[in-house]
Amino acid sequence: MPRKRPLNAMVIPSAKRERKAITLDMKLEVLRRFEVGEKLSQIAKTLGLAVSTVATIRDNKEKIKVSSQIATPLRASRLTRHRSAVMETMERLLRVWLEDQSQRNVPVSVAVIQEKAKSLFDDLQREQGESSQTEKFSASKGWFVRFKERHCLPHFKTNSTATGNKDIYPEILKSIIREGEYTPQQVFNVDETGLYWKRMPEGTFLSVEEKAEPGFKSCRERLMLLLGGNAAGDFKLKPLLVYHSENPKALKGYSKPNLPVIWRSNKKAWATRSIFHEWFTYFFCPAVEKYCAQNNLTNKALLILDSAPCHPVNLSDLSDNVRVEYLHDSTADLIQPMGQGVASAFKAHYLRRTFEHILEATDGEDTAIIREFWRNYSIMDAVDNIAVAWEELRPATMNSVWKKIWPECVQFQSVSQTDNIARLRQNIVTLAQNVALGEVLGAAVDQLLCSHEEDLSNEELMQLEQQPAREEDSEDAAPVLRQLTTTELSAALSHFEAGLQVLTSGSPGDEWTLQVSRAVSDAITCYRELHSEKERRSKQQLS
């Protein structure tokens, strides 16, 4: 007798798929993600929406924003108390802070979020003056629940105690290395780290004067670096640098591909999945292939990453030669090689190099000359000093940081990162004494080196809030684009489509071909949209 199909496995052909209602909050969340640089496909995947739905929301950006402005008072009327401008601003800044925590893979708790919300609210009230002092805010659990709903927030990475995992993972890694027959030259780790590229230790006259200047914005000094190398210590990867501006004036006349860093930009100087995806495909994999060829090694590698949100989970699928393994959240900070002294040593080298640069350019005697030099110290100067600082990290340093995760590969057992950074600190203090900057103490140097990884302060969050409104003051210059006609756009798009057809018809199942095709297709989306808009306007004029 044939088995009956279980009831829960029955297929009802006539059943219609339930349509998913898209709320105004969800639409605003989609637009917000576009504004911080996320790709269309990634937004769709993260929010569980169809790609076409996300594209439609993007195309109707202005209408949605108008609807939001209309809906805001209607929503407020349903509340027992009107939401003030201070409350709206506080939640917007808190959202930015949470995203920054997530970018840096920093765990948070509800209590920490509530404390930050209360702190932001109080500072905003003080800034607004007496008119806003009457409103009270306690950052209650009820507020937090509503805050999550209003902003469509995901579950947060919470604080957890790393127990046995830090001891277990090295054994797991050994098994993977044995299975793949990787050598220390073929095992890599990279990690993101923040850098305030134009920040001086407390006590220097430059630090005091700069903070007193009107319009000073420390957030504009902040950039992100991706640093890494192999376990052998003999191959440091070219740093990836993410800055808040794509075309600063200081880079005018320079060829970005020839810079000593891989230059990318994001409005908040954050790494995104799309930036990391591009780095992996077009920089890391080719660099590994070249290095292996130069050292007579098989073209293969193992890349170890933490589980930061900017690290795509499908990287292993993008290369036949690179395997990617992810550290558990609770152990990453304890055993990840680049977090065991590489970033700290690099920042100490960068600060020392910056003082050397000042001394070389000014002789370190005249405060007026030093002041003028520092006023003109640009992001291009910082890029050069980043390159020098990265070059100064020795193979022994790069190898010794693998001691916790793969002790068998460490050849330089006597290297102490603590002693190394202490020597660098003393060098910095000595250099500072040779430059007329004021008294610089070792404690001030330590504080500056630690500040690169600190949370965004309330002041910096407020500066980020104001930054878009002052975009005309930034170093970006809007490019002057030639106006293309509908006919020219149509012809260009036809050529692109023909080229993509040639690529895909020859090897339809090839993953690399599909990746290139998707990348090209995404790159010309703006021209497709422009062409459609021109055709629409043309039809309206005819009718």
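The values are calculated or read from the model by the stated rules, or taken from the named source; none is laboratory data. Because the structure is a prediction, the values reported are computed rather than measured. Glycine also receives a Cβ, built like all others from the backbone with ideal geometry; neighbour counts cover every protein chain displayed. The area values use the complete protein model at the heavy-atom level, side chains included, leaving out ligands, DNA and RNA. Shrake-Rupley method; radii C 1.70, N 1.55, O 1.52, S 1.80 Å.
When the range 323-381 is examined, which residues are found to be more than 28 Å from Val288 (Cα to Cα) and of a type in the set (Ser, Thr, Tyr)?
Result: Ser330, Thr354, Thr362, Thr367, Tyr377, Ser378.
Which ones in the range 295-344 are hydroxyl-bearing (Ser, Thr, Tyr), assigned to a helix (DSSP H, G or I) and open to solvent by 10 Å² or more (accessible area, probe 1.4 Å)?
Scanning the range 295-344 gives Ser316, Ser330, Ser344.
Can you say whether Asn420 is at pLDDT below 95 and within 30 Å of Ile177 (Cβ to Cβ), as far as the supplied structure shows?
Considered against the rule, which asks whether it is at pLDDT below 95 and within 30 Å of Ile177 (Cβ to Cβ), Asn420 comes out as yes.
Suppose we keep only residues that are open to solvent by 80 Å² or more (accessible area, probe 1.4 Å) and outside any helix (DSSP H, G or I) within the range 454-481. Which one would you say is modelled with the highest pLDDT?
Taking the candidates together, the pick is Glu454.
I need the full set of residues from the range 375-422 which are closer than 30 Å to His328 by Cβ and aromatic (Phe, Trp, Tyr), in order please.
Trp390, Trp402, Trp406, Phe412
Could you list all residues from the range 224-236 that are open to solvent by 10 Å² or more (accessible area, probe 1.4 Å) and over 16 Å from the mean Cα position of the chain (by Cα)?
Ala232, Asp234, Phe235, Lys236
Those residues that are closer than 24 Å to Asp306 by Cβ and surrounded by fewer than 20 Cβ atoms within 10 Å (Cβ to Cβ), I need them from the range 237-261; list them, please.
Once the filter is applied, which keeps residues that are closer than 24 Å to Asp306 by Cβ and surrounded by fewer than 20 Cβ atoms within 10 Å (Cβ to Cβ), the range 237-261 yields only Lys238.
Inspect the range 317-335 for any residue being closer than 29 Å to Lys45 by Cβ and within 17 Å of the chain's Cα centre (by Cα) and give the result as yes or no.
no
Test Glu91 against the criterion of being in contact with a Phe, Trp or Tyr (Cβ under 8 Å, 6 or more places away or on another chain), assigned to a helix (DSSP H, G or I), charged (D, E, K, R) and at pLDDT 85 or above, and give yes or no.
yes
If a residue must be aromatic (Phe, Trp, Tyr) and open to solvent by 40 Å² or more (accessible area, probe 1.4 Å), how many such residues does the range 404-436 contain?
Qualifying residue count, the range 404-436: 1.
Test each condition in (1) open to solvent by 20 Å² or more (accessible area, probe 1.4 Å); (2) assigned to a helix (DSSP H, G or I); (3) closer than 26 Å to Met398 by Cα for Ser274 and report the one that comes out false.
Checking Ser274 against (1) open to solvent by 20 Å² or more (accessible area, probe 1.4 Å); (2) assigned to a helix (DSSP H, G or I); (3) closer than 26 Å to Met398 by Cα, the one that fails is (3).
Starting from the range 96-118, take each residue that is on the phi > 0 side of the Ramachandran plot and touching a residue at least 24 places away in the same chain (Cβ under 8 Å) and list its partners that are open to solvent by less than 50 Å² (accessible area, probe 1.4 Å) and of a type outside the set (Lys, Arg), counting only C-beta distances under 6 angstrom and pairs at least six apart or across chains.
Partner pairs satisfying both residue conditions: Asn105/Asp306; Asn105/Ala308.
State whether the residues of the range 363-383 include one that is within 14 Å of Leu195 (Cβ to Cβ) and open to solvent by 10 Å² or more (accessible area, probe 1.4 Å).
Yes; the residues of the range 363-383 include at least one that is within 14 Å of Leu195 (Cβ to Cβ) and open to solvent by 10 Å² or more (accessible area, probe 1.4 Å).
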